[in-house]
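Remarks on the structure that follows.
The values are calculated or read from the model by the stated rules, or taken from the named source; none is laboratory data. Remember, predicted model here, so these are calculated numbers, not experimental data. Cβ: placed from backbone, ideal geometry, glycine included. Neighbour counts: every protein chain shown. Accessible surface areas use protein heavy atoms only, side chains included; no ligands, DNA or RNA. Shrake-Rupley method; radii C 1.70, N 1.55, O 1.52, S 1.80 Å.
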Amino acid sequence: MPHVLPPLPYPMDALEPSISASTLSFHHGKHHQTYVTNLNNLIKDTDLESLSLEEIIKKTAKNPDQVGIFNNAAQVWNHTFFWNCMQAEGGGKPTGRLLDMITESFNSYEEFYNAFKQAALTQFGSGWAWLVLDQGKLKITKTGNADLPMAHGMTALLTCDVWEHAYYLDYQNRRADFVDAFLTKLVNWSFVEKNLSA
Ligand code: MN3
């Protein structure tokens, strides 16, 4: 099988109590795994089989006939990226160059916080909130379902999964509380910095 489920970068209970081991276990072991399995089945014996995940995403993004492949490939990428956006005892204000860039782009960390949260809360239905680099500038954006910045020529720096499966076991309908926990306790700013330098 060309694509495999990457292991989580931390133990299953590392993000408790913000994200329970139970949520993480279903989210990684069932949801993420299903996207990997579906992708492998959909590209089997096609010319996409030999391509990297990124190549498959870019190649299928604008093709309505390949929306099923795009959705699964993008969700494989989104989830691997999302796991890395978090760490135990993360969150809060970044430091250094990243904080300077955030202050420059959003006036203050607090305004960044509110804008990111607003994007996460106003994504109607399933999707993702993002901090991206767009033509050298930091921006906040949101995407529906599996869609992602890569399909729009932007570089993803940080994301929060706002599909209900990401938070329903722990927060039920309280998406705002989940996003607050993500921003105040989970964000891995070192990973964001790494994406900025890449
Ligand atoms: Mn998810």
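What is the dipole size for the chain, taken about its Cα centre, with +1 at each Lys and Arg Cβ and -1 at each Asp and Glu Cβ, in debye to the nearest 20?
Dipole magnitude for the chain comes out near 180 debye.
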Computed over the stretch 21-84, Cα set: Rg, Dmax in Å:
12.2, 38
At 7 Å along the Cα-to-beta-carbon direction for both Asp177 and Ser190, put a label point, then send me their distance in nm to one decimal.
3.1
Can you give me the angle between helix 109-122 and the longest principal axis of the chain, using Cα atoms only, in degrees from 0 to 90, rounded to the nearest 10?
40
Residue-wise, which Karplus ³J(HN,Hα) couplings in Hz belong to the stretch 149-155, taking 6.51 cos²θ - 1.76 cosθ + 1.60, θ = phi - 60°, and x for glycine or proline?
x, 3, 6, 10, x, 10, 9
Got a sec? Charge dipole of the chain, +1 on Cβ for Lys and Arg, -1 for Asp and Glu; which of Ala176, Ser126, Leu138 is way out at the positive end?
Leu138
Out-of-range pairs (alpha-carbon distance over 30 Å; input Lys30/Lys93; Lys30/Lys137; Lys58/Lys185; Lys62/Lys93; Lys44/Lys137; Lys58/Lys194):
Lys30/Lys93; Lys30/Lys137; Lys58/Lys185; Lys62/Lys93; Lys44/Lys137
For q values of 0.10, 0.11, 0.19 Å⁻¹, compute log₁₀ I(q)/I(0) with the Debye formula on a Cα-only model of the chain, without solvent.
-0.40, -0.49, -1.42
Counting only helical runs of four or more DSSP H residues, what would the 222 nm mean residue ellipticity of the chain come to if each run contributes -39,500 (n - 2.57) and the total is spread over all its residues?
-13000 deg cm²/dmol
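Report the per residue volume, in Å³, of the convex hull enclosing the C-alpha atoms of the stretch 72-131. Each step should come with its number before you reach the end.
On the way: hull volume 6.4 nm³, N = 60.
In the stretch 72-131, the Cα hull volume divided by residue count equals 107 Å³.
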Under Stokes-Einstein, with the Kirkwood radius over Cα pairs standing in for Rh, what whole-number D in µm²/s applies to the stretch 96-197 at 37 °C and 0.692 mPa s?
237
Out of the total accessible area of the stretch 96-197 (probe 1.4 Å, heavy atoms of protein only), what percent is carbon and sulfur?
48
I need the chymotrypsin sites (Phe, Trp or Tyr not before Pro) found in the stretch 93-128, filtered to DSSP loop residues with at most 15 other beta carbons within 10 Å of theirs.
Phe124
For the chain, what's the relative contact order in percent, using C-alpha pairs closer than 8 Å and at least 6 residues apart?
24
Averaged per residue, what accessible area in Å² does the chain show with a 1.4 Å probe, protein chains only?
48
Of the candidates Pro2, Gln66, Phe26, the farthest towards the positive dipole end of the chain (Lys/Arg Cβ +1, Asp/Glu Cβ -1, centred on the Cα centre) is Gln66
